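The values are calculated or read from the model by the stated rules, or taken from the named source; none is laboratory data. Everything numeric here is computed off the predicted structure, so don't read it as measured data. Note: ideal-geometry Cβ built from the backbone for every residue, glycine included; neighbour counts use all protein chains shown.
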């Protein structure tokens, strides 16, 4: 099984609120890989990227760095697609 990770920055103005968190979870659930999202810093937190409730607990505002980790056969594709959500600001701007 491969493990892939990528650093992303929350760049949409409203941060990772309910709608983008749900988008992330919907995309993550389209893959068989296990998806984890890690917020570093002074108050680190690691959550299941396939759980909207856990994603919201990241409290990721604009500018928050996150690390997306995926483990499984389709880990590369999962990380690529999930990182694209951040790159496109979840279609909000």
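Some points to look at:
- So residue 31, is it crowded, with 18+ Cβ neighbours inside 10 Å and not in a helix (DSSP H, G or I): yes
- Count of the stretch 42-58 residues which are at pLDDT below 95 and under 13 Å from the mean Cα position of the chain (by Cα): 0
- Failed criterion for residue 47 (all others in (1) touching a helix residue (DSSP H, G or I) at 6+ places or on another chain (Cβ under 7 Å); (2) farther than 21 Å from residue 4 by Cβ; (3) free of Cβ contacts under 8 Å to residues at least 24 places away in the same chain hold): (2)
- Which numbered condition residue 6 fails, given (1) in contact with a helix residue (DSSP H, G or I) (Cβ under 8 Å, 6 or more places away or on another chain); (2) surrounded by 13 or more Cβ atoms within 10 Å (Cβ to Cβ); (3) under 13 Å from residue 51 (Cα atoms): (3)
- Each residue in the stretch 10-26 was checked for being in a helix (DSSP H, G or I), buried (at least 21 other Cβ atoms within 10 Å of the Cβ) and in contact (Cβ under 8 Å) with a residue 40 or more places away in the chain, and 2 of them qualify.
- Some residue of the stretch 53-67 being in contact with a helix residue (DSSP H, G or I) (Cβ under 6 Å, 6 or more places away or on another chain) and outside any strand (DSSP E or B): yes
- Test: residue in the stretch 59-69 that is surrounded by fewer than 17 Cβ atoms within 10 Å (Cβ to Cβ) and closer than 18 Å to residue 30 by Cα: no
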